[in-house]
Amino acid sequence: MIPLYKLEKFPRSLRLRKIVKTFGEAEYRLSLGIDLSAEACGYLARILELLLPDPGFAPGITLAINDAYKTLKTRSPLRRQDLRRVLNTIRHLLLAETGQSPADWDFIDHTGRLNPEKRRCFPGMRVYMEDIRSPFNVGAIFRTAESFGVETIFLSPWCADPNHPRAARTAMGCVSVLAWERLAPDRGLESPLFSEGLCFALETGGTELKDFTFPLQGTLIVGSEELGVSPQVLAAADASLGRVSIPTYGTKGSLNVSVAFGIAAQSWAAALSQVRSLYQCP
């Protein structure tokens, strides 16, 4: 623990960064199921007391710091999750005060520690990502796909790398437990995904989600953020199971690709859960 007299002498920006780190370490311990000692809570309370006179904070932030200070000073025992929420709020407020926006790696989430032996999936539930350019979107699709029991993900040759640091962080460990394969440039539509298997595209102009009949096994095709599914792959989907579309009602009329995928994947998984069971993934 940094002595308070040293913390007080730091320049304001450095002091806030040190406090963010200190609160993050305390929150991390709570997330592991380790209770904070009375001494540790008292130390965090004294840090907040040090911040209260700071004239640089907006009134709302000062009020939040004061509320957290009172909570940490209370003699009544707090539930671990309640205490963690207090620390999380202050940590992110101070992070913003230093001019930073939280990134994926600032979030404390232990779902990244996944055991491949415990993963279950719906056999034959596959996803094809065609030219998804954003590592964030690739990572988000991996995380969502793992959650809804997708067996395998296939990527087009020019799709963003799932092992890109931003993709891996967003996926929260799912890249390492969910089977995936990048198709070679020369395979194209000759892949059994399109030439032999059932496939359908998440694209406009198709059957509305509520009316679409999801297959027991097949490949859901998700296209580029900017251009959607390519004409060649879309033709293969139209010749197979067609297109599924998500109705929207706002002015924008479109969704982020990872959000749209999540909606479609949940609907497919819900349909499969009515007639199939999840199995241990190979």
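The values are calculated or read from the model by the stated rules, or taken from the named source; none is laboratory data. Everything numeric in this text was worked out from a predicted model, so none of it was measured. Here Cβ is always computed from backbone atoms with ideal geometry, including for glycine, and neighbour counts include all displayed protein chains.
Key figures
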| quantity | calculated |
| --- | --- |
| Residue that is surrounded by the fewest Cβ atoms within 10 Å (Cβ to Cβ) [pool: residues in segment 64-100 that are farther than 23 Å from Phe10 by Cα and of a type in the set (A, V, I, L, M, F, W, C)] | Leu78 |
| Breaking point among (1) farther than 18 Å from Ile141 by Cα; (2) crowded, with 21+ Cβ neighbours inside 10 Å, for Ala264 | (1) |
| Qualifying positions in segment 8-48 - hydrophobic (A, V, I, L, M, F, W, C), more than 19 Å from Leu72 (Cα to Cα) and touching a helix residue (DSSP H, G or I) at 6+ places or on another chain (Cβ under 9 Å) | Phe10, Leu32 |
| Residue match in segment 220-231 (condition: without any contact (Cβ under 8 Å) to a residue 40 or more places away in the chain and farther than 17 Å from Cys159 by Cβ) | yes |
| Those residues of segment 243-258 which are among the hydroxyl-bearing types (Ser, Thr, Tyr), at pLDDT 90 or above and closer than 15 Å to Leu227 by Cα, in sequence order | Ser258 |
| Members of segment 1-24 found to be of a type in the set (Phe, Trp, Tyr) and closer than 15 Å to Ala40 by Cβ, listed by number | Phe23 |
| Helices (runs of 4 or more DSSP H) wholly inside segment 1-89 that include at least 2 residues being closer than 19 Å to Pro102 by Cα, without any contact (Cβ under 8 Å) to a residue 60 or more places away in the chain and within 31 Å of the chain's Cα centre (by Cα) | 12-31, 59-73 |
